[in-house]
Amino acid sequence: MSLARETAPPVPDVFDPRRYADGVPHVAYRTLRDRHPVAWQEEPEVLGWPAGPGFWAVTRQADVVRVLKDSEVYSSYLGATQIRDPDPDDLPFIRRMMLNQDPPGHLRLRRLVSRAFTARRVERFESVARERARTLLGRAVDRARSGDGTCDLVSAVTDDYALLNLADVLGVPERDRELLLHWTQRVIGYQDPDEAGEPVLDARGRPVNPRSPGMLRDMFGYAHQLALHKKSRPGDDVMTTLATDPELAPAELEMFFFLLTVAGNDTVRSAAPGGLLALAEHPEAYDGLRSGRFPLGTAVEELLRRHPPVLSFRRTAAVDTELAGQRIRAGDKVVVFHASANHDERVFTDPHRLDLARSPNPHVSFGDGPHVCLGAHFARLQLRVLYEETLRALPALRTAGPPRRLVSNFINGLKTLPAQVT
């Protein structure tokens, strides 16, 4: 055995979702990038979820981009896109979602939904988002000043901001909007007891996948009711466009509603407090943004790089292949880690420094390749507006205690962000 092999550091675990409750494991990511860029990860039983066969963790930016762009070799369809394998009986159902398909079927569905998510519709929404951000921040400041001078920016601002914006674009009536948050927490936060609540167990006492048909029945029933409502009372919203599209089958409409509700909500719901936390931790950057020293557009990209909303996505090798010198067999799970790629020293100079003027900034926070986030334009608009209004509402942005993070190896979420209001 060579000395290099004897002294090589062990492969750190970046699978256990409980690790992420303490923060993104950047030290472990660095070890993987430097010494094990495509590393085998065990998949033991965690939090009641059964053990899996293991997977390859991909942590360098160039390799992450290669996997995301090459859908012929690295398939979204074969095993879907979550690390944990779905129940074999559920896989045909899960594959109906656009996120879990490969070209050419994926391209057809993407074209259909892109008709609804037009840039014109999103841009027209800006004034609504701005008024909402201003109102939520104003209420948070008023409550803080009448209390102990602190507020939780997640519960007071960013959760409602993301939820209500999505509801407006989808066309969900005001009385039903809390349902969107309930469904998002159930699907996204299933690894976190605070978010998921008591798990639903099957006959063998194992947790039921929140993406299974039975667990989504209420959401799908609502989607069809809303579609019928939009056909009789159309509006200028995404659900009206989808409900009246003759090319869209009822089962496809269900899956679009699921995807837009969960992904559309949680992208901003995760990215917004993460960006605010980064600014609170770097007061000089916040002051520079307020004074106009840093362009807001590049600042949004840097805050996304720093805190990507999604930590990981899974693909399945369709053929035997090789990546970064590692042989991968057909059927192996291949998982890319966005937060690691965004801090790769081979691409980003001094990657752990918050540089609001960083350009170019080829982060992968919205993915890459055929599955690049369809709502990225909408998300960027919401983040830009929220940060602009925060700069106006808060002369200084400081934390009032440590944030609480989501227990998840998938979503880079904050459950709380205590802030001082001065």
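The slack in the chain from residue 128 to residue 322, taken as 0.36 nm per residue of separation less the alpha-carbon distance, amounts to 65.0 nm.
Annotation for region 229-334: GluC sites (Glu not before Pro) lying in DSSP loop with at most 13 further Cβ atoms inside 10 Å of their Cβ are 247. Taken about its Cα centre, region 251-350 carries a charge dipole of roughly 140 debye when the Cβ of each Lys and Arg holds +1 and the Cβ of each Asp and Glu holds -1.
A simple charge model with +1 on the Cβ of Lys and Arg, -1 on the Cβ of Asp and Glu and nothing else charged puts the dipole of region 124-167 at about 200 debye relative to its Cα centre.
Radius of gyration over Kirkwood radius for region 193-352, both on Cα atoms: the Rg/Rh ratio is 1.06.
More than 18 angstrom separation, counting every C-alpha pair in region 24-116; what % is that? Tail fraction, whole percent: 59. In the chain, the DSSP-assigned H stretches of four residues or longer account for a calculated mean residue ellipticity at 222 nm of -13500 deg cm²/dmol, using -39500 (n - 2.57) per stretch and the full residue count as denominator.
Highest GNM mean-square fluctuation among 59, 267, 298, for the chain modelled with Cα contacts below 10 Å: 298. Near the amide H of residue 416, within less than 5 Å, lie the amide hydrogens of 404, all on another chain or at least 5 residues away, with H placed in the peptide plane. Scalar couplings 3J(HN,Hα) for region 147-163, obtained by applying the Karplus form with A = 6.51, B = -1.76, C = 1.60 to θ = phi - 60°, are x, 9, x, 10, 8, 9, 5, 6, 6, 8, 10, 6, 4, 5, 4, 5, 5 Hz; x denotes Gly and Pro. Neighbours of residue 221 by Cβ distance under 13 Å: Lys/Arg scored +1, Asp/Glu scored -1, total -2.
Here the spin labels are modelled as points 7 Å beyond Cα on the Cα-Cβ line, and at residue 121 and residue 194 they lie 3.4 nm apart.
What does the charge dipole of the chain about its Cα centre add up to, to the nearest 20 debye, if the Cβ of each Lys and Arg holds +1 and the Cβ of each Asp and Glu holds -1?
Using only the charged Cβ atoms, the result is roughly 740 debye.
Here's how it looks for residue 74: its modeled amide H is under 5 Å from those of 318, which are all 5 or more places away or on a different chain. Between residue 396 and 422, the built amide H atoms are under 5 Å apart, and every one of these is 5 or more places off in sequence or on another chain. A convex hull fitted around the alpha carbon atoms of region 1-159 yields 210 Å³ per residue. Shape analysis of region 116-208 yields a ratio of the Cα radius of gyration to the Kirkwood radius, Rg/Rh, of 1.09.
For region 284-384, the set of trypsin sites (Lys or Arg not before Pro) satisfying both a DSSP loop assignment and a count of at most 15 other C-beta atoms within 10 Å is given as 293, 329, 346, 353. Potential lengthening of the chain between residue 13 and residue 231 amounts to 73.5 nm, from the contour at 0.36 nm per residue minus the alpha-carbon distance. Counting each pair of different Cα atoms once, what's the Kirkwood radius of region 99-170 in Å, rounded to one decimal? Value: 14.7 Å, from the Cα pair sum. In this rough spin-label picture, where each label sits 7 Å from Cα along the Cβ direction, the residue 202-residue 372 distance is 3.8 nm.
The residue list 151, 173, 128 was ranked by how far each Cα lies along the charge dipole of region 124-190 toward its positive end, using unit charges on Cβ atoms, and 128 comes out on top.
The accessible surface of the chain, taken with every protein chain in place and a 1.4 Å probe, is 52 percent carbon and sulfur. Placing a pseudo-label 7 Å from each Cα along the Cα-to-Cβ vector at residue 245 and residue 145 gives an inter-label distance of 4.6 nm.
The values are calculated or read from the model by the stated rules, or taken from the named source; none is laboratory data. Nothing here was measured: the structure is a model prediction, and the numbers come from that model. Here Cβ is always computed from backbone atoms with ideal geometry, including for glycine, and neighbour counts include all displayed protein chains. Calculation scope for accessible area: heavy atoms of the full protein, side chains included, ligands and nucleic acids excluded. Shrake-Rupley method; radii C 1.70, N 1.55, O 1.52, S 1.80 Å.
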